[in-house]
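First up is the structure itself, then whatever we jot down about it.
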């Protein structure tokens, strides 16, 4: 299943390749400079900007960098988190040995994510991209990092699946799994994201995903503020929107760990029996197999409309769906490819530009708003100036609008619903969005 978002819910990637792709990707932007081997030692926040003290370990020289804001993505031992006085709240769990290998023939190894709930030694194994495969082995009481990372230990543990002579060993490292969340993610002009803000056991596959969600939530807001198109007060919505979902995902991962890590034969027998019984209940079995048990990425407060209409309350703060649509070029693509990178207003069988008034035209233009009209699956979209027209190939968009009994939706740059409207209330859309972006009423 894709949960309506256009991509499969489980995508098993190889993180070093993701990081390599990100490094190569930022080379497209002349405004971005990546400085490897440089470490932040301290910073000061003047209220008008941030001065960061950095040490270049290749020369041992110390220099300063000045910026409007500082985003601390410096990991679980974050210097930034420590200096703003934030504390990681939660627990530390069992140690696990992680073994990564490259294989010649992936078909010889498990083809899906497997939790092997053996009370003698719980194991997790799964394939990754480009012929990579991973095993994770829980350490028992008394076992040490040095012992577990020895080649002979790895050979013995892998023996049920693979011979070390037949694979290329890439990594063998012991990790301590944590479930900890910082008590505060912001202080003045300083923000935390990723592992600096939260540490999650890997059982739910939520660690890097949560970090990407963090920066996806914060980056567009910060860009609006820096361009003068929003008040800095909107940055307070970052923790309001992200922390509750991180807490839910962390609880899910912790519960997964409890199910997996038990070393009691009695508890394991009861667990196995329970799962067999639950599998016979169609709706529960489907949810477990498809991943539908994962908490929805949504929020009740934050940067969303403040109106009290029932339709808007039910829709706002939820991730908008992403079905396939047909464009004026007769091309079938995912909806996000039409929406651009800013705000978007979609209208079902109506012109979404009806939200524009004489007073609000410049406001919508400053936000680089994309306007999209949705037509029926059997209709052929035709080009219109200042308007994208797409056909709803699977009628999923029509079903979404009909569910909330509306025909207009305002979507944020991170694809969360800001608010929904009807043609009768369309003229209030700009006022609602302006009020959210400038909560103190001081529009620049």
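When restricted to residues that are part of a loop (DSSP other than H, G, I, E, B) and surrounded by fewer than 20 Cβ atoms within 10 Å (Cβ to Cβ), the stretch 368-377 contains 3. For the stretch 31-68, a tally of residues being modelled with pLDDT under 95 and over 23 Å from residue 196 (Cα atoms) returns 1. The residues of the stretch 45-74 that are outside any strand (DSSP E or B) and over 26 Å from the mean Cα position of the chain (by Cα), listed by number, are 46, 47, 48, 49, 57, 58, 59, 60.
Scanning the stretch 378-404 for residues that are assigned to a loop (DSSP other than H, G, I, E, B), loosely packed, with under 15 Cβ neighbours inside 10 Å and touching a strand residue (DSSP E or B) at 6+ places or on another chain (Cβ under 9 Å) returns 378, 379, 380, 382, 383, 386, 394. Only a single item in (1) touching a strand residue (DSSP E or B) at 6+ places or on another chain (Cβ under 9 Å); (2) in contact (Cβ under 8 Å) with a residue 24 or more places away in the chain; (3) not in a strand (DSSP E or B) is not met by residue 42, and it is number (3).
Among the residues of the stretch 9-24, are any more than 30 Å from residue 119 (Cα to Cα) and over 20 Å from the mean Cα position of the chain (by Cα)? So far as the stretch 9-24 goes, yes, one or more of its residues are more than 30 Å from residue 119 (Cα to Cα) and over 20 Å from the mean Cα position of the chain (by Cα). Screening residue 77 on (1) assigned to a loop (DSSP other than H, G, I, E, B); (2) exposed (fewer than 15 other Cβ atoms within 10 Å of the Cβ); (3) at pLDDT 95 or above shows it passes everything except condition (3). As a summary of the residue check, residue 352 satisfies the conditions (1) more than 26 Å from the chain's Cα centre (by Cα); (2) surrounded by fewer than 21 Cβ atoms within 10 Å (Cβ to Cβ) except for the one numbered (2). Here the stretch 80-109 is the region considered, the condition is being in contact with a helix residue (DSSP H, G or I) (Cβ under 7 Å, 6 or more places away or on another chain) and modelled with pLDDT under 95, and the residue that is farthest from residue 221 (Cα to Cα) is 94. Go through the residues of the stretch 423-433 one by one and say whether even a single one is crowded, with 22+ Cβ neighbours inside 10 Å, more than 21 Å from residue 349 (Cβ to Cβ), touching a residue at least 24 places away in the same chain (Cβ under 8 Å) and in the same structural domain as residue 359 (by TED's automatic domain parsing). Yes - at least one qualifying residue is present in the stretch 423-433.
Can residue 115 be described as assigned to a strand (DSSP E or B) and either crowded, with 17+ Cβ neighbours inside 10 Å or assigned by TED's automatic domain parsing to the domain that holds residue 45 (or both)? No; evaluated as a whole, the condition is false for this residue. When residue 68 is tested against (1) buried (at least 17 other Cβ atoms within 10 Å of the Cβ); (2) in contact with a helix residue (DSSP H, G or I) (Cβ under 8 Å, 6 or more places away or on another chain); (3) over 30 Å from residue 123 (Cβ atoms), just one condition goes unmet, and that condition is (1).
Yes or no, residue by residue, for (1) touching a residue at least 24 places away in the same chain (Cβ under 8 Å); (2) within 30 Å of residue 147 (Cα to Cα); (3) touching a strand residue (DSSP E or B) at 6+ places or on another chain (Cβ under 8 Å):
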residue: 52; (1), (2), (3): no, no, yes
residue: 61; (1), (2), (3): no, no, yes
residue: 70; (1), (2), (3): yes, no, yes
residue: 95; (1), (2), (3): yes, yes, yes
residue: 99; (1), (2), (3): yes, yes, yes
residue: 109; (1), (2), (3): yes, yes, yes
residue: 117; (1), (2), (3): yes, yes, no
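Note down all Cβ pairs under 8 Å where the first residue falls in the stretch 15-31 and is outside the structural domain of residue 171 (by TED's automatic domain parsing), the second is surrounded by 11 or more Cβ atoms within 10 Å (Cβ to Cβ) and not in a loop (DSSP other than H, G, I, E, B), and they're at least six residues apart or on different chains. Qualifying pairs under 8 Å: 15/208; 18/208.
If you go through the stretch 352-367 one residue at a time, how many are under 22 Å from residue 425 (Cβ atoms) and part of a helix (DSSP H, G or I)? Here the count works out to 9. The residues listed here are 197, 162; of these, the one that is outside the structural domain of residue 367 (by TED's automatic domain parsing) and farther than 30 Å from residue 367 by Cα is 162.
The values are calculated or read from the model by the stated rules, or taken from the named source; none is laboratory data. These numbers were taken from a predicted model, which means no experiment stands behind them. In this analysis, Cβ positions are derived from the backbone assuming ideal geometry, glycine residues included, and neighbour counts consider all displayed protein chains.
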